[in-house]
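Report on the structure given below.
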Amino acid sequence: MEKSCSLLVHFDKGTPALANEIKEALEGNDVPAKIDAMKNAIMLLLNGETLPQLFITIVRYVLPSEDHTVQKLLLFYLEIIDKTDGKGRVLPEMILICQNLRNNLQHPNEYIRGVTLRFLCRLNETEIIEPLIPSIISNLEHRHPYVRRNAILAVMSIYNLPQGEQLLVDAPETIERFLSTEQDPSAKRNAFLMLFNCAQDRAINYLLTNVDRVSDWGELMQMVVLELIRKVCRTNKAEKGKYIKIIISLLNAPSAAVVYECAGTLVSLSSAPTAIRAAANTYCQLLLSQSDNNVKLIVLDRLSELKSSHRDIMVDMIMDVLRALSSPNLDIRRKTLDIVLELITPRNVNEVVLTLKKEVVKTQSGELEKNGEYRQMLIQAIHSCAIKFPEVASTVVHLLMDFLGDNNVASAMDVVIFVREIIETNSKLRVSIITRLLDTFYQIRAARVCSCALWIIGEYSLSLSEVESALATIKQCLGDLPFFSISEDEEAADSSKKVQQATSITVSSRRPAILADGTYATQSAASETAFSPPAVVQGSLATGNLRSLLLTGDFFLGAVVACTLAKLILRLEEVQPSKIEVNKASSNALLIMVSMLQLGQSSVLPHPIDNDSYDRIVLCIRLLCNTGDAVRKIWLKSCRESFVKMLSDKQLRETEENKAKAQISHSQPDDLIDFYHLKSRKGMSQLELEDEVQDDLKRATGEFVKDAYDANKLNRIIQLTGFSDPVYAEAYVTVHHYDIVLDVTVINRTKETLQNLCLELATMGDLKLVERPQNYTLAPESSKQIKANIKVSSTETGVIFGNIVYETSNVLERTVVVLNDIHIDIMDYISPAVCSDTAFRTMWAEFEWENKVAVNTTITNEKEFLDHIIKSTNMKCLTASSALEGDCGFLAANLYAKSVFGEDALVNVSVEKQADGKLNGYIRIRSKTQGIALSLGDKITLKQKGGS
């Protein structure tokens, strides 16, 4: 941190070597002992030791050594010792080193010459370098390429020194001549790099002279060429056309790295459709040809960026992108599907869905462990396609219904939710879906999937044959009644006294679950997972899935069965002319409901029926015994109407989000319009012409205009010292993804020169200083811009504090000005994000850190309080606005955000209005890491009062 260092070596501080031991080893003739002693000396020096007495020993006993390793270690030693005194003058003993370096540069062994030239690249003292210049220049003509390439690097680093241009006056001409005759690819690359850094015009001249041979140059050289093109085109946009031709020629290079850089350079420099198409094609080829998963992910990120800015061109690439699904990695598949879903159009939707169907079928046969998760992703993708383009639903819905009995519950849930939406939005498929659902119902393994499927059956079985078939299917899946015999009940009652405790542990692990509104409910583990045939009570897969699930104690499913039966009987009354048949079916349904109640109150199961399920089943029994027209309307119409409203709300939300995403750029009223057909085409290729037109379009739509005087910048300026302090300082804080840049302006308010002025900073939280700013001298009433970089490693509130230290010429002691603290706000790292309700609940159950904040506010309206929390925390409300309407005195909502580090932040707001008009309740924050939960909690506590 104190001074720059080009050498880092791991050092075990446990056993430091003593200086006199090192000295003895260096004075001996044993080469391995000398090597170890030199290594120890270097490590001690790197860790702060000075060892002044060693220098003469090394000059006497190490300099003459002919061993290559010793010579290399000697150069490392010379690199890290102080070569100047306190006033910056070169120490006189360094003259001894100078002669040795000259001898090395004329050594017959090319390795010694090469490592010495490499050492000179890291030397800053011109007094030592100046006598060596002729030797360095002569090494440019050495027979061995290793020496030549290091000689070029030495010339470049010396030329870049403050007095470098005086030391090597004609270096650019020398290197240009060298470049024209050199054959070694690495030496050529280094020479071109030197011209690029030190004499850019010469580099451009060389490139344009040899433009036809660029594609034959080596990979390293081509990378430097691309860097040069990027630099030139940024400063001189008019020259872009001829360079883009060079980039296009390099797109066929054999090196994947060069091709990738070419595509990136093309996209950054040009908006011409031909150029973008070439870049997209290149990325797609890399996606298929590269086996490294990290490379694939990076390329997918680039394609995603192209999709945002050039969607029309990317639409044609959709099938090429889809080929990336052949990779077994789930992250790659997820990213691929995300890109593809945003590129779907009526023209390509059938092709995409066909590919996705093939992938779904493949997941059945493969034995990969992640197949279930991949299948779930594919089902969600197909669902999304079918909602956007209803005409494809008929081709996929029946295939997906085969997966209703999938062992992966999440995947089966996605299928049943898809079916529920399609049957409502696509009325032509209603009959075939109901028939297929009744045929495959017995295969369903999970209680949640059963519940949703029963709701579909109850709502959409309309004809007589469908209703009768539905009743028969449910009856078959429930098996014979009753669910238990009286003798079993008595046995269970006796045995339960002995093993009640053990049974309750093994059969049903009950834990709180989160309902859609964010409230808690008790849920048995059986409803979460696919069941296995229960061993505790009778009933197996052969006797029906509903029976087996009921016998595990899932009475919520029992209540759903009762509601479905009630709906079916009410529908049967409308479509069945025979009263006898209706009464028969009604009595069968009542028998099933009563049997479920009996099972719930018996001792056969370890837990009795819960009150909610009991009340719902009793309500269904009463309904069938006494039906009124108003109640019939509620059961047969209102449920469907509320579902239709939910779907339309969802669609409306998506439409609004799409509108918000569409960027609207406006041009000024007096902007010039450049007409494509009136443009001069003299000497321009089609690509150059396209590029010009695209630039004009961007200018006309305001995409080139960047607001330099952003008012938000002023909000980020923090005053660090007072106006009456001798030194005034203020900082402009910029938060990038993984680092914070402090741009500190320091102004000397006094009439004296401030010497050794230093900005000393320290941090608290997960922040780390990258470097310590150096010392400066400030003239009277002058100012200085000092930059400090701070790395951020997690999403939590951090504090930067410190002081400014300086000396004045007439006072010996140092003056310290303490700075105000800079608080880094968590809001800079988190941004609103969207996830499905299922994903939210899954994460809520998994995340271990919870911060519970009690509501304490002066706001009296629940909706207003929620809006205030959303605004303060920069989060997205996942709960539909229709669910928050009305005035019931209670509100529950889920909020979600993602940090720049990929962390998820989940918030559940539950508030209730008290009799005195005040709001009461809790805000729960959950996350995977402690920092984000605590920081968000502090932010909410601070902001929830209202107002600011």
Exercise. Scan the stretch 160-183 for residues that are open to solvent by less than 30 Å² (accessible area, probe 1.4 Å) and either in contact with a Lys or Arg (Cβ under 6 Å, 6 or more places away or on another chain) or closer than 26 Å to Leu91 by Cβ (or both) and jot them down.
Key: Leu161, Gly164, Leu168, Pro172, Glu182
Quiz prompt | the stretch 409-458, residues that are among the hydroxyl-bearing types (Ser, Thr, Tyr) and touching a Lys or Arg at 6+ places or on another chain (Cβ under 9 Å) | solution = Ser411
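What do you reckon, is Leu228 within 24 Å of Thr181 (Cα to Cα) and either out of contact with any helix residue (DSSP H, G or I) (no Cβ under 7 Å at 6 or more places or on another chain) or open to solvent by 20 Å² or more (accessible area, probe 1.4 Å) (or both)? So that I can check it myself, show each step before the final result.
Numbers: within 24 Å of Thr181 (Cα to Cα): yes; either out of contact with any helix residue (DSSP H, G or I) (no Cβ under 7 Å at 6 or more places or on another chain) or open to solvent by 20 Å² or more (accessible area, probe 1.4 Å) (or both): no.
Against the criterion (within 24 Å of Thr181 (Cα to Cα) and either out of contact with any helix residue (DSSP H, G or I) (no Cβ under 7 Å at 6 or more places or on another chain) or open to solvent by 20 Å² or more (accessible area, probe 1.4 Å) (or both)), Leu228 does not qualify.
Working carefully through the options Asn894, Asn856, find the one that is within 26 Å of Ile932 (Cβ to Cβ), surrounded by fewer than 14 Cβ atoms within 10 Å (Cβ to Cβ) and assigned by the TED database to the domain that holds Leu919. Give the derivation first.
Numbers: Asn894 fails: surrounded by fewer than 14 Cβ atoms within 10 Å (Cβ to Cβ).
Only one candidate passes the filter, namely Asn856.
Take Val431 and tell me if it is surrounded by 20 or more Cβ atoms within 10 Å (Cβ to Cβ) and assigned to a helix (DSSP H, G or I).
Details: surrounded by 20 or more Cβ atoms within 10 Å (Cβ to Cβ): no; assigned to a helix (DSSP H, G or I): yes.
So Val431 fails the test.
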Quiz item: Only one of these conditions is not met by Glu141: (1) farther than 26 Å from Ala256 by Cα; (2) in contact (Cβ under 8 Å) with a residue 24 or more places away in the chain. Which number is it?
Solution: (2)
Quiz item: For Thr522, which of the numbered conditions (1) modelled with pLDDT of 85 or more; (2) open to solvent by 50 Å² or more (accessible area, probe 1.4 Å); (3) hydroxyl-bearing (Ser, Thr, Tyr) fails to hold?
Solution: (1)
Quiz item: Out of the stretch 277-309, which residues are within 16 Å of the chain's Cα centre (by Cα) and in a loop (DSSP other than H, G, I, E, B)?
Solution: none
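Can you report the number of residues in the stretch 194-207 which are of a type in the set (A, V, I, L, M) and without any contact (Cβ under 8 Å) to a residue 24 or more places away in the chain? Spell out the reasoning first.
We begin by selecting, within the stretch 194-207, every residue of a type in the set (A, V, I, L, M); these are 194-195, 199, 203-204, 207.
If we keep only those that are without any contact (Cβ under 8 Å) to a residue 24 or more places away in the chain too, we end up with 195.
Residues in the stretch 194-207 being of a type in the set (A, V, I, L, M) and without any contact (Cβ under 8 Å) to a residue 24 or more places away in the chain: 1 in total.
Can you pull out the residues in the stretch 445-472 that are of a type in the set (S, T, N, Q), buried (at least 20 other Cβ atoms within 10 Å of the Cβ) and modelled with pLDDT of 90 or more? First the steps, then the outcome.
The first filter runs over the stretch 445-472 and keeps only residues of a type in the set (S, T, N, Q), leaving 451, 461, 463, 465, 469.
When the remaining residues are screened for being buried (at least 20 other Cβ atoms within 10 Å of the Cβ), the result is 451, 461.
Ser451, the sole residue that qualifies.
Here is a yes/no grid of residues against (1) within 22 Å of Lys943 (Cβ to Cβ); (2) touching a helix residue (DSSP H, G or I) at 6+ places or on another chain (Cβ under 7 Å); (3) assigned to a strand (DSSP E or B):
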site: Ala762; (1), (2), (3): no, no, yes
site: Lys787; (1), (2), (3): no, no, yes
site: His823; (1), (2), (3): yes, no, yes
site: Cys835; (1), (2), (3): no, no, no
site: Trp844; (1), (2), (3): no, no, no
site: Glu864; (1), (2), (3): yes, no, no
Exercise. Any residue in the stretch 208-222 that's in the same structural domain as Leu250 (by the TED database): show its pairings with residues that are modelled with pLDDT of 85 or more and among the aromatic types (Phe, Trp, Tyr) at Cβ separation under 7 Å, as long as the two are six or more apart or on different chains.
Key: Met221/Phe192
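Among the listed residues Arg926, Arg841, identify the single one that is more than 30 Å from Val735 (Cβ to Cβ) and not β-branched (Val, Ile, Thr).
Working: Arg926 fails: more than 30 Å from Val735 (Cβ to Cβ).
Sole residue among the options that is more than 30 Å from Val735 (Cβ to Cβ) and not β-branched (Val, Ile, Thr): Arg841.
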Self-check item: Residues (free of Cβ contacts under 8 Å to residues at least 60 places away in the same chain and farther than 22 Å from Asp201 by Cβ) located in the stretch 235-249
Solution: Ser249
Self-check item: Filtered residue count, the stretch 44-60, keeping only those that are open to solvent by less than 70 Å² (accessible area, probe 1.4 Å) and either assigned to a helix (DSSP H, G or I) or in contact with a Ser or Thr (Cβ under 8 Å, 6 or more places away or on another chain) (or both)
Solution: 8
Self-check item: Residue check for Ile859: hydrophobic (A, V, I, L, M, F, W, C) and assigned to a loop (DSSP other than H, G, I, E, B)
Solution: yes
Practice problem: Only one of these is within 30 Å of Leu269 (Cβ to Cβ), part of a helix (DSSP H, G or I) and outside the structural domain of Leu454 (by the TED database): Ile387, Ile382, Ile332. Name it. | Solution: Ile332
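Answer yes or no: is there a residue in the stretch 911-923 that is more than 20 Å from the chain's Cα centre (by Cα), in the same structural domain as Thr858 (by the TED database) and closer than 14 Å to Arg841 by Cα. So that I can check it myself, show each step before the final result.
In the first step, residues of the stretch 911-923 are kept if they are more than 20 Å from the chain's Cα centre (by Cα); the result is 911-923.
Still in the list and also in the same structural domain as Thr858 (by the TED database): 911-923.
Subset that is closer than 14 Å to Arg841 by Cα: none.
Among the residues of the stretch 911-923, not one is more than 20 Å from the chain's Cα centre (by Cα), in the same structural domain as Thr858 (by the TED database) and closer than 14 Å to Arg841 by Cα, which makes the answer no.
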Exercise. Please state which of the following conditions Arg511 fails to meet, knowing it meets all the rest: (1) at pLDDT 60 or above; (2) among the basic types (Lys, Arg); (3) open to solvent by 50 Å² or more (accessible area, probe 1.4 Å).
Key: (1)
Exercise. For residues that are in contact (Cβ under 8 Å) with a residue 40 or more places away in the chain and over 14 Å from Val415 (Cα atoms), scanning just the stretch 374-390, find the one that is least open to solvent (accessible area, probe 1.4 Å).
Key: Phe389
Quiz item: If you go through the stretch 199-225, how many residues are open to solvent by less than 20 Å² (accessible area, probe 1.4 Å) and in contact with a helix residue (DSSP H, G or I) (Cβ under 8 Å, 6 or more places away or on another chain)?
Solution: 8
Exercise. Any residue in the stretch 866-885 that's free of Cβ contacts under 8 Å to residues at least 40 places away in the same chain: show its pairings with residues that are surrounded by fewer than 18 Cβ atoms within 10 Å (Cβ to Cβ) and among the charged types (D, E, K, R) at Cβ separation under 7 Å, as long as the two are six or more apart or on different chains.
Key: Leu884/Lys863
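Name the one entry in Tyr61, Tyr111 that is in contact with a Leu (Cβ under 8 Å, 6 or more places away or on another chain) and more than 17 Å from Leu123 (Cβ to Cβ). Before you say what the answer is, go through the steps one by one.
On the way: Tyr111 fails: in contact with a Leu (Cβ under 8 Å, 6 or more places away or on another chain).
Sole residue among the options that is in contact with a Leu (Cβ under 8 Å, 6 or more places away or on another chain) and more than 17 Å from Leu123 (Cβ to Cβ): Tyr61.
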Quiz item: Hey, among the residues in the stretch 75-126 that are in a helix (DSSP H, G or I) and out of contact with any helix residue (DSSP H, G or I) (no Cβ under 7 Å at 6 or more places or on another chain), which one's most open to solvent (accessible area, probe 1.4 Å)?
Solution: Ile95
Practice problem: Enumerate the pairs (first residue in the stretch 152-175 and under 15 Å from Glu141 (Cβ atoms); second residue anywhere and hydroxyl-bearing (Ser, Thr, Tyr)) with beta-carbon separation below 6 Å, excluding pairs fewer than 6 apart on the same chain, so at least 6 apart or on different chains. | Solution: Ala171/Tyr159
Self-check item: Selection within the stretch 765-783 - in a strand (DSSP E or B) and either modelled with pLDDT of 80 or more or open to solvent by less than 60 Å² (accessible area, probe 1.4 Å) (or both)
Solution: Leu767, Leu769, Tyr776, Thr777, Leu778, Ser783
Self-check item: Hits in the stretch 358-373 (condition: at pLDDT below 85, part of a helix (DSSP H, G or I) and either open to solvent by 40 Å² or more (accessible area, probe 1.4 Å) or under 19 Å from Phe418 (Cα atoms) (or both))
Solution: Val360, Val361, Lys362, Thr363, Gln364, Ser365, Gly372, Glu373
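The values are calculated or read from the model by the stated rules, or taken from the named source; none is laboratory data. No experiment lies behind these values; they were computed from the predicted model shown. Note that each Cβ is placed from the backbone with ideal geometry, even for glycine, and that neighbours are counted across all protein chains shown. Only protein heavy atoms, including side chains, enter the accessible area calculation; ligands, DNA and RNA are left aside. Shrake-Rupley method; radii C 1.70, N 1.55, O 1.52, S 1.80 Å.
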